[in-house]
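Comments concern the structure below.
Each reported figure results from applying straightforward, stated rules to the coordinates on display, with no laboratory input. Just so you know, these numbers come straight off a predicted model, no measurement behind them. Cβ placement follows ideal geometry from the backbone for every residue including glycine, while neighbour counts extend to all protein chains displayed.
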Amino acid sequence: MKQSKNIQNSNQIKRVTWVGIFVNLFLAGIKFLVGYVGSSRAVIADGVHSLSDMATDFAVIFGVKFWTAPPDEDHPYGHLRIEALITTAIGLTLTAVAIGLGYKALTSLRETHLEQSGWIAMIGPLLSIVFKEILYRWTIVVGTRTKSSAVVANAWHHRSDALSSLPALIAVAASALNPDWAFVDHIGALIISIFILKVSWDIITPSLSELADRGASIKDRELIRKIAMKVDGVKEVHAIRTRKFGSNIYVDLHILVEPEISVRLGHDISEEVKKELIKNGPKILDVVVHLEPYESI
């Protein structure tokens, strides 16, 4: 049943990502064409951003078949760390794109003769805003439904492309209206690079935390403790340890029970704790419960 759901999730992810690849290819071509014809560095920079979207789309297509694979002898906890690696790769790709675009924009500001942009260059940003916002909304739904951090990161990559087209649009309009404002086009490219850099930081940070084995938040750990304490027979809960795997959590905790109860009853209590945590806890994938005797003071 679980494997069937993984296959279904994988198919949804592949479908939305392949659509994203074709949309990005189309938009990048349009932006390069109208950016070149309309002499707009901001629109050409936006086209590079669309190409970087394609790179991350292919990373998701390549990675999804691995991180959705079931646990095996060599990977008893599954392959969800691969998703964190893919997500980090997406963020690093965005960082490299942002630095390259920002450097190009800053160095081009020193030019003494800046070329005025043409109105035709506005076609690229306008199409990008419409298509990429639609693609963002579809991808974020799929990412949330499948609980995939890489797909959610890719969705935000689409949104960054849509939003980064706004300063490109403004820059083209300003440059086309007045030749003396041609420098605004280069400033627009710089603003786009800063925005992309911020998005990449937001993508990389949680993924690196996961790869560094960061546990669940204090709020989640407290919720875990409260749920376990509500189970009949549990006198105390301590030594709660958690580990993030994708959007899921593995939990290891100790429960204290009456020392004179039978092994069978202790086992039943621990199974009930596990059941309640998986059912009501914060996206818990599995739980290991350790039994200890409760000693009253």
Legend entry - H254, H238, H186 arranged by Cβ crowding within 10 Å, fewest neighbours leading: H238, H254, H186
Legend entry - Listed residue (P167, V34, A216) projecting farthest to the positive dipole end of the chain, Cβ model: V34
Inset, instruction - Sort T205, T17, T139 so the one with the fewest other Cβ atoms within 10 Å of its own Cβ comes first. - result: T205, T17, T139
Legend entry - Helical mean residue ellipticity (222 nm; -39500 (n - 2.57) per DSSP H run of 4+; nearest 500) of the chain: -24500 deg cm²/dmol
Legend entry - Only Lys, Arg (+1) and Asp, Glu (-1) charged, at Cβ; the chain dipole about Cα centre in debye: 560
Legend entry - Degrees separating the helix 263-280 axis from the principal Cα axis of the chain, which is the longest one: 20
Legend entry - Eligible lysines near K132 by straight Cα distance, threshold 22 Å, same-chain separation 8 or greater: K14, K31, K147, K198
Legend entry - Correct choice for volume of the Cα convex hull per residue in Å³ that was computed from the model, options (i) 125; (ii) 140; (iii) 184: (ii)
